[in-house]
Every structure is written in C-alpha cells, then in structure tokens.
Amino acid sequence: MPGNKKKSDYEITFFSRGGQGGITSCQLLAQMAFVEGFKDVMSIPQIGAERRGAAIRAFLIISGHEIRRVSAVTNPDIVMVFDESLLNLPLIINAIPRAKCKVLVNAEKLENDTRLSKDIELYTFPGTSIALGLDLLLEGSPLVNVPILGAFSKVSGLVSMKSIKSVLKEKWGSKADKNIKAVELSYDQTKRIY
Amino acid sequence: MSKIKKSEMDKEQTIIMSGNYASAWGAKCSRVKAISAYPITPQTTVVEKLADFVDGGELDARYVKVESEHSVMASLVGSSMTGARSFTATSGQGLLYMTEMLHWVSSSRLPIVTTIASRGIAPPWNIWAEYTDILSIRDCGWIIQFASTHQEIFDSVLMSYKIAENQGVMLPYFIVYGGFTQSHTSKPVRIPPQKEIDAFLPPPPEKGWSHLNLDPENPVTFGNLLMPQQEYLDFRFLIHDSMVKSKKIIQKTIKEFKKSFKRDYSGLAENYKCNDADVVLISYGALAEQSKIAVDELRKEGKKVGLFKLRYIRPFPNEELVKLFNSDVKVIGIADQGTAFGNPTGGPISTEVMSLLRQSNRKIKVLPYVWGLGGRDVTVDEQIRVFHQLIQLKNKNEYPTDDTFQHGTVWMGLKTGA
C-alpha cells in the first residue's frame, strides 16, 4: 500500500449480496494480483449464506511471500461494500475496522451519517449506474463485480489497470470490451469522501 | 483418446484454483480411467469438475453416478478389479457410509485413490474442517496422507497412484485436506506439462494387476469364504506388512517427484526447525502448516521451538518420531483436529505418538491438545499461546490450570457449561 512499503501482506474483505457477484469479484482479483506479481494469493469465500439478496462475505489475502495461514481475516486493510444498504447491518459495520482501513462503497451519493468510523478512508464509486449504462446485467440485476475492480485499483494502488484488463481479456476474450469500459469508468469516477 | 490441449502437453501452467479443483486436476493429470461420484459438501466440486473434464473430452474416463457413497466404493471395487485407475472423493458422513467397502478395497489390495475434504461429523450438522471422519476409519488398511497446501493436494494425487500401484504396496490411498479452509479457498497451483506427468506416472499394466484381474473371458470368484485354518490371518498380516514396508516406496516416490518437478515433500513427516528445539509441537493438516508462522515468530525472540508436521498417519512415521524424541526436545505438544472419545487422550493421534515414547530413553513431557473442531478458528496468536504453554511446562513443570485443560488434554477454546 502506498506509504507503507515494508508491508507485504494485504487483506481485503468483500461484503456483497447474493447475486451481485462478490465471490466472482474476489476470485478475479486474486488472479489479477497474481498477474500483478504478488507471490501468493488466496481467495476465501465465506460459505453458508449463499442466497439471493442475503449478505455474503468473501476475503482475499495477497502477499509478497507464501501464505501459510488458514485462519479467518479479521483485520482487513481494505473493505469493499457492494451495496450501501449493507452498511445498515450491525454485523457488517462491526466487522469494519475503526482505523487504518480503506472502505470502498458502491454508492451514487453516500449520506455522511453512516456509522463508519471517521478514522478510516472512505471512498465511493457509482458501480450500479455504470453497470446499468453498459447493460452489465445478470437476471435483471446490475453486476457491480466488474466495476468494483477499477475502483479497487485506484484506491489500493496494489493492482494495476493493466493486470485487470489482461485477466478480463483472458477470461472473456472479445466479449471483455464492455467489462474493460466498466473498470475504466469506475476508476475515473471513484471519489474520496474523507 | 482425451483431447488434452497442446499447450497443456508441453508447458507448465499456474492456475488459481480451489483445493477441490486441485484434487480434480490431479485425477485428470493422472489420467484416471474410472470415476464414481456421489455429491457431498464440501467435496462436491471435485466430482463436478471431473464431470466437466469428462464431458468436455479432456479426460477419457468412465464416469458413473450412483445412489450413495457405499455404492461409490463398491463400483470402484469393480472398476479397479479390471485394472482401471480408479478415483473418487468424499467427506464426513459420506466417508463413514463408505466404511464397509473401504475394507473390501484394502483387503482386495486395490490401488484406488480417494481424496477427502474433511468435515465435522453430525449431529449437530457441521461441514467445516475437522478430521474425525478420516481419523475414525484410520485402521481400514488405506494409506492416509494429509495435504496441507493446495499445491500438495494436486502433487499428492500424482504421487499417490505411483505409490499405491507399486507391486510392493498394492494398497488404497487417501489424500486428506480440510473442508472449506482448503477445499473452497483458491490459491495458485502449478500444473506441470502433461508430457512430464506421463513420464513420472506411466499407466497401470495393460493386463491388469498381477494378483487379481476381473476378466469376462476368464471368470473367477474372488474374496470367497475362508475357513479359520485357511489364510485369512495370513492375508491380514500381509496388509500390515505392506503398509509398513510402503514407507520406503513413499520416500522413494517423494525423491523421484522432487527430481521431476522440483518440489520437495520431505517424507512421512516434515521437521520444521526441530533439530535444536527443546519445545516441539506435533500436528497435521493446514493448521500444522500455519503453525510454522508461530514457530518463526517465537524463533525471532530466541525461543527454541519447532514444528513436526505429520504428513502420513498410515503408515505411521515411527522412525521419524523416535529420532525426534532422541534429539534435544524436552516438551512436546500434540494437537489433534479430531476426537477419539474415551481414548487415553482426547484425540487419537496424540495417543499414538505417545505410544512411541517408550522407544526413547529420554524423559519427555507431553501435553495433548484438541483444536479446531467443526472449523473453530485457530489463529496464529492462539498457536503462539500453545507454544508459551509448552515453554511454561518445560521451565516450571506447570500444566495449564484453566477450564480448557480437561482429563490431561487441552481442548482449545473450550466453553465449559455449553
């Protein structure tokens, strides 16, 4: 992470709702971080709540050395929130660190009175409108899982847009264009709130 | 002939995949010929991925869907008796349901390989990492190996067939890893070129196994009734004998694997910084692998601690353990991620390790642990605390005094009165 060169382990928590593609996003980002040159990556989907609309967690560890741990991620460096309504859930608010953490929320405009700590860095990106604009839909729901990758790149500085695009191309070939457009738009439209 | 892509024949690829997919890729790259499948969480994606490989023409195998795990193993007895390389995967209750047939396989000396995504035993329902499933069937005559990384899951499948099909072994083989913590997490796995895998692991003999061959042209009955004066006892001895002697074949195969693929799996056990250690933790599986972080942290403070990771429990690494007991070690902790109710200790492996202590003349203190049952989180900090407890035992001869210390065993994180 910029400004902290000695650190070589990064932990990221994904909060999404079933159907938004949170698990896929976590898997994709693992690949992208590996392409970026991190020595080891580990994506950890939380199992037991795989229902449409229900809150789902996934974790990602990316590291400059071999990852040997299997215990849960409890102190993430970055938190990705796919849907601002998730911030109303006490379980989620309580799982977000009170300091030394970057929180990235999919929101057009975030009300300033969230219960998030003021000692974190808070960012937003308009993932839903980007997905709708590009017709990135799954069974009628906007897919935020690709736009969020561009926002992640901007906020974290850990994974370059080049690595993101190369994995998207590898995965979807010529159909990747819309997804690449989505990550570019979200990269540009990610804003720091405080 | 399977349609393995040309790039897979010639080039190594690194794919980020789940532990379950690593198992399925291992079976594919071992060119298994028969797969029998019944779904059970957390194993299911192993057999799903294999169905995908067979359906896509990437694996030339007969894929059979049956109605239960008992039938899974029964059908593999049939396929393996024809000399076909046979594979399946299961978990928890599924493994228990299969138990009768497990004996049928080992007593028929069939080199079937099965991967286990281990989970807690119900009730109450639990699908997370715990090894009571495999530990409770450890005396069925199957080789039992733990794979504590994703890469090790894949690599172990390749090695397992080479070991199991060796004329001097001819025993079935379990590769075991934790449900969810390994089965559903994804990590980079290196898949060597298929050409090199084929050179390391040739197909089984075309005419079938030398001791038994199911051939419709030449019908013979196998496994018929033996009277007490006949060779039943002697066949039993031969299973044990081959199991003990398989240690040499295991070590030889690990060496050959290292030569071919440049990855070293040490042997039946892995000694991590134990040589000069006075406090050693003995364990198995991914939690043992994680304890290396605790060892490294404590080594930074000058504490002489080590980890002894059991890779195999059948055959049991007797010689390696006795060698450890004859080193500088003064205190050992033995952590089981499974139960053996009413055992001399709470866990089965701690009792087995302790049974070897008398083969060393040195006085060593022992503290058994039970940890991580039903996927209960075990953090690095908690593992560091385990070492501190063991150091306390060494320095002051003090056993833990809190409520987690029950009947001579520490039940880590135990909530008494639950």
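Evaluated against (1) more than 14 Å from chain A (Cβ to nearest Cβ); (2) closer than 20 Å to B:Leu393 by Cα; (3) not basic (Lys, Arg), B:Trp371 falls short on exactly one condition, (1). Within region B:113-129, the residues that satisfy the criterion of being part of a strand (DSSP E or B) and either in contact with a Pro (Cβ under 9 Å, 6 or more places away or on another chain) or surrounded by fewer than 24 Cβ atoms within 10 Å (Cβ to Cβ) (or both) are B:Val113, B:Thr114, B:Ala117, B:Ser118. With respect to the conditions (1) in contact with a helix residue (DSSP H, G or I) (Cβ under 6 Å, 6 or more places away or on another chain); (2) farther than 30 Å from B:Trp128 by Cβ, B:Arg62 lacks only one, and its number is (1). Return only the number of the condition from (1) in contact with a helix residue (DSSP H, G or I) (Cβ under 7 Å, 6 or more places away or on another chain); (2) farther than 17 Å from B:Ser91 by Cα; (3) within 14 Å of another protein chain (Cβ to nearest Cβ) that B:Ala147 does not satisfy. Of (1) in contact with a helix residue (DSSP H, G or I) (Cβ under 7 Å, 6 or more places away or on another chain); (2) farther than 17 Å from B:Ser91 by Cα; (3) within 14 Å of another protein chain (Cβ to nearest Cβ), only one is false for B:Ala147: (2). Among the residues here, B:Gln151 qualifies as within 18 Å of B:Val113 (Cα to Cα) and in a helix (DSSP H, G or I).
For B:Glu231, the stated conditions hold: it is surrounded by 11 or more Cβ atoms within 10 Å (Cβ to Cβ) and of a type in the set (D, E, K, R). Within region B:159-201, being in a helix (DSSP H, G or I) and touching an Asp or Glu at 6+ places or on another chain (Cβ under 8 Å) holds for B:Lys162, B:Gln194, B:Lys195, B:Phe200. Give the residue that is nearest to the other protein chains (Cβ to nearest Cβ), with candidates limited to residues of region B:374-411 that are out of contact with any Phe, Trp or Tyr (no Cβ under 9 Å at 6 or more places or on another chain) and in contact (Cβ under 8 Å) with a residue 60 or more places away in the chain. Taking the candidates together, the pick is B:Val380. Is it fair to say A:Ser166 is small (Gly, Ala, Ser) and touching a residue at least 12 places away in the same chain (Cβ under 8 Å)? For A:Ser166, the condition - small (Gly, Ala, Ser) and touching a residue at least 12 places away in the same chain (Cβ under 8 Å) - is met. Scanning region B:388-405 for residues that are touching a Leu at 6+ places or on another chain (Cβ under 7 Å) and within 17 Å of B:Gln337 (Cα to Cα) returns a single hit, B:Thr404.
Where strands (runs of 3 or more DSSP E) fall wholly inside region B:220-331, the ranges with 3 or more residues that are more than 23 Å from B:Arg362 (Cα to Cα) are B:312-314. Of all the listed residues (B:Gly285, B:Gly267, B:Gly223), the sole one being of a type outside the set (D, E, K, R), at positive phi and within 14 Å of chain A (Cβ to nearest Cβ) is B:Gly285.
Every number here is computed from the coordinates shown, using simple stated rules; none is lab data. Nothing here was measured: the structure is a model prediction, and the numbers come from that model. In this analysis, Cβ positions are derived from the backbone assuming ideal geometry, glycine residues included, and neighbour counts consider all displayed protein chains.
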